[in-house]
Amino acid sequence: PSPQAITAGFFYHTARLARGGYRTVKHQQPVFIHPNSALFALQPRWVLYHELVCTSKEFMRQVIEIDSSWLLEVAPHYYQAKELEDGSGRKMPKKAGK
């Protein structure tokens, strides 16, 4: 399946890169990409995850990179444009948000 199709099914499992890690979009819960993930070192700005696993931290597993604009396309009833502002004008940590 395409990343957009997966986004349509799991639109409520999204997180955005913030200072010190990721935060879920709706509830601002701190979450982290699991160290075994291929995306762990890449740190994309927006991700969608299948599950959260709580060990020493809340880790996202089965993670894919998404485009925030897809969320408005597939779930306009759930997200508002203000929640999905990219923040690309704000400073990001070095080597983060590629």
At R0 = 35 Å, FRET efficiency that the Cβ-Cβ distance of S2 and S56 yields, to 0.05: 0.55
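Tell me the mean residue ellipticity at 222 nm calculated for the chain from its helices only (DSSP H runs of n ≥ 4, each -39500 (n - 2.57), averaged over every residue, nearest 500). Don't skip to the end; give the middle numbers.
Numbers: 2 runs with 14 residues, N = 98.
The per-residue figure over the chain is -3500 deg cm²/dmol.
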T55 - accessible surface, heavy atoms, 1.4 Å probe, Å² rounded to 10: 90
Accessible carbon and sulfur surface of the chain relative to its total accessible area, %, 1.4 Å: 54
Calculated Cα extents along the principal axes in Å (choose from [x] 38, 36, 19; [y] 53, 43, 14; [z] 34, 30, 24), label: [z]
Interchain or long-range residues, amide H under 5 Å from F59's placed H: F32, V53, C54
Calculated FRET efficiency for the pair N36/D67, C-beta based, R₀ 30 Å, to 0.05: 0.80
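The values are calculated or read from the model by the stated rules, or taken from the named source; none is laboratory data. Predicted, not measured: the structure shown is a model, and the values here were computed from it. Cβ atoms come from the backbone with ideal geometry, glycine included; neighbour counts cover every protein chain shown. Note: areas computed on protein heavy atoms with side chains; ligands, DNA, RNA excluded. Shrake-Rupley method; radii C 1.70, N 1.55, O 1.52, S 1.80 Å.
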